[in-house]
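Quick notes on the structure that follows.
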Amino acid sequence: MTKPERPFASKADVPPSTALNGLRVLDLTRVRSGPTCVRQLADWGADVIKIETPVDTAQFGGPRSGPDFQNLHRNKRSLTLDLKAEAGLSAFLKLAETADIIVENFRPAVKTRLGIDYDTLSKTNPGLIYASISGFGQDGPLADRPGFDQIAQGMGGLMSITGKPGEGPMRAGIPIADLCAGLFAAQGILIALFERATSGKGQWIQTSLLQAQVFMLDFQAARYLMDGDVPKQAGNNHPTSIPTGVFRTADGYMNIAVTGNNIWTNFAKTLDREDWLTDDRYATPPARSEHRDALGAEIEAILQSATTAHWIELFTRAGVPAGEINDIGEVFSEPQVRHLGLAQPVKSQERGDTELVGQPILMSRTPSHIATPPPTAGQHSFEILSEIGLSEAEIADMKASGAT
C-alpha cells in the first residue's frame with residue numbers, strides 16, 4: 001500500500017523538524033525504553049502514530065496528565081486499536097504496509113502471537129524497519145524474564161560500581177538502562193534507514209535493557225575484559241583520575257576534575273601548593289591513588305576557606321574543570337541551560353501552558369522543537385483510519401464494536 005500524504009499530526013503550522021519528514025512510524029511501545037526511542041523520531045519530524053488500546057489507556061508511571069507521560073509522548077498522533085479484534089488487526093496490517101518503521105517493546109513472544117512480528121509484516125512491506133526492545137534480548141536463557149530498569153542496572157553491573165564503599169549496591173538516579181536502550185534503538189533505526197537507501201530493504205533491529213547497560217559500563221568493562229580488574233564502588237571519587245570528585249567548600253560542595261599532569265600542575269598552583277608536585281605521596285598518578293584520602297583531606301581544608309563560586313572562578317581561569325552541584329531547580333535556572341533552550345514551552349491539553357525537556361542536539365538547518373503536546377487517547381483515530389482507505393461507515397462499525 002502506498003504511504004498516503006497527510007498534514008502534520010496536530011495541524012501545526014510548523015512541524016517539530018523537517019529532518020525526518022516523510023517517514024511514518026508505528027509506535028507500539030509502552031513504559032519508558034520504547035517511548036524514549038520513538039520520541040527521538042517524533043521530535044525530528046517523523047509521522048509517529050501511537051497505537052493504544054481502546055479501553056485500557058492507563059499508562060505505567062502515572063496518568064496522561066503526569067510529567068512522565070507528557071515528556072515522553074509529544075509530537076505524536078494517537079490511534080486506538082484492539083489488535084485482538086479482527087477489525088483492529090486488519091486495520092493495523094493495512095497501516096503497517098504504509099509504515100517505514102515499527103517500534104515495539106512487548107515481551108518477545110507477544111508480537112508473534114498477535115501476528116505482527118517482523119517476519120510476517122516484512123512479507124508485504126520489504127522496506128520495513130522493525131525495532132524491538134526487550135529486557136534481556138529476543139532469545140536466550142533469560143529472554144522470557146520480565147525486564148525493568150533497576151533489574152538491568154543490577155544485572156548489568158552498574159549498581160556494583162555506584163555508591164560509597166561498604167554501603168551496599170546503589171542504583172543510578174535515573175532509569176539509565178531504559179533510556180540508553182531507547183536511544184540505541186533509535187540509533188539502530190537511523191543506521192538501518194541509511195543502509196536502506198542503498199539496498200532498498202528493511203531489517204529487524206534488536207536491543208535490550210541488559211545490552212544497553214553492559215555497553216554503558218564503557219571503560220569499567222574494558223578494565224575487566226583487558227586487565228581482569230573488577231571495579232568496585234568509589235562513591236564520588238573517580239576510580240582512576242585523582243583528585244577528581246566532590247569537595248566541601250565554605251558554602252556547600254563542588255565537583256573538581258583533575259585529569260592529566262598539566263591540569264594537576266595548574267590545580268596545585270591555584271591552591272598555592274606547588275609542594276604537592278614534588279611530594280612523593282602526590283607527585284605521580286599511582287602515588288595520588290595510594291594516598292587519595294590524605295590528599296582529599298588537604299584539598300578540603302583549603303577549599304573550606306572560600307565559597308564554591310570563588311573556587312570555580314579561580315579554577316576556570318587556570319583551566320581546571322570545576323562546577324557547581326545543582327539540584328534540579330537550580331539546573332533549569334542555570335544561565336547556560338537557559339541559553340541552550342533545553343526547557344521548551346508547550347501548551348498541554350491536560351495542563352495548559354507548561355514546559356518539557358527539548359532535544360539536546362542543535363542542528364543548523366533542521367532544528368527540533370516541541371510542536372504539539374501529547375495527544376489524547378484516540379485523538380486521531382478517524383483521521384488515520386481514513387488515510388488507509390476505511391470509510392466512515394467502516395470506522396463507525398469499528399467504534400461500535402470496540403475495535404477502535
Review point. Expressed as an acute angle from 0 to 90° and rounded to the nearest 10, what is the orientation of the C-alpha long axis of helix 292-303 relative to the principal long axis of the chain?
Key: 80 degrees
Review point. If you take the Cα atoms of segment 244-326, find Rg, then find the Kirkwood Rh from the mean of 1/r over all pairs, what is Rg/Rh?
Key: 0.93
Review point. Which whole-number percent is the relative contact order of the chain (Cα, under 8 Å, 6+ apart)?
Key: 21 percent
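Would you mind calculating the relative contact order of segment 244-326 from Cα pairs under 8 angstrom and at least 6 residues apart, reporting the percent as a whole number? Could the numbers behind the result be given before it?
Values: 104 pairs, mean separation 36.7, N = 83.
After rounding, I find 44 percent.
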Point to revise | 0 to 90° range, to nearest 10: angle between helix 308-318 axis and the chain longest Cα axis | key: 80 degrees
Check your understanding: In this model, which of K347/K399; K50/K94; K123/K399; K50/K84; K111/K201 are farther than 25 Å apart at the alpha-carbon?
Key -> K347/K399; K123/K399
Check your understanding: For segment 124-271, what relative contact order do you get, as a whole percent, if you take Cα pairs closer than 8 Å and at least 6 residues apart?
Key -> 26 percent
**Study point:** Per-peptide average of other Cβ atoms within 10 Å, ordering 380-388, 134-142 highest first
**Key:** 380-388, 134-142
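Taking 0.36 nm per residue of sequence separation and subtracting the Cα-Cα distance, how much length would be gained by fully extending the chain between A318 and E290, in nm to one decimal?
7.5 nm
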Revision key, fill the gap. With only helices counted (DSSP H, runs n ≥ 4, each -39500 (n - 2.57)), the per-residue ellipticity at 222 nm for the chain, to the nearest 500, works out to -10500 deg cm²/dmol
Check your understanding: Of the peptides 172-183, 42-53, how do they stack up when ordered by the mean number of other Cβ atoms within 10 Å, highest first?
Key -> 42-53, 172-183
Exercise for review: Please give the peptides 240-249, 322-331, 361-370, 283-292 ranked by average Cβ packing (other Cβ atoms within 10 Å per residue), highest first, as a rough proxy for protection.
Suggested key: 240-249, 283-292, 361-370, 322-331
Check your understanding: Which of A268, T120, P286 sits closest to the plus end of the dipole of the chain, meaning its Cα is farthest towards the positive end, when Lys and Arg get +1 and Asp and Glu get -1 on the C-beta?
Key -> T120
Exercise for review: For helix 33-43, report the angle its Cα long axis makes with the longest principal axis of the Cα atoms of the chain; keep it between 0 and 90° and round to the nearest 10°.
Suggested key: 80 degrees
Revision key, fill the gap. Among G329, S391, H369, the residue whose Cα sits farthest towards the positive end of the charge dipole of segment 320-403, when +1 is placed on the Cβ of each Lys and Arg and -1 on the Cβ of each Asp and Glu, is H369
Practice item. For segment 336-404, state what percent of all Cα-Cα pairs lands in each successive 5 Å bin, counting from 0 Å until the bin that includes the largest distance. Key: 3, 14, 17, 14, 11, 12, 12, 9, 6, 3, 1
Check your understanding: Is segment 87-148 best put as rounded, prolate or oblate by its Cα gyration tensor, with a ≥ b ≥ c the root eigenvalues, rounded for a/c under 1.5, and otherwise prolate when a/b is larger than b/c, oblate when not?
Key -> prolate
Practice item. Provide, in order from the shortest bin, the percent of all Cα-Cα pairs of the chain in each 20 Å bin, continuing until the bin that contains the maximum pair distance. Key: 23, 47, 24, 6, 0
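No value in this document is a laboratory result; all are computed from the given coordinates. Nothing here was measured: the structure is a model prediction, and the numbers come from that model. Note that we place each Cβ from the backbone using ideal geometry, even for glycine, and neighbour counts take in every protein chain shown.
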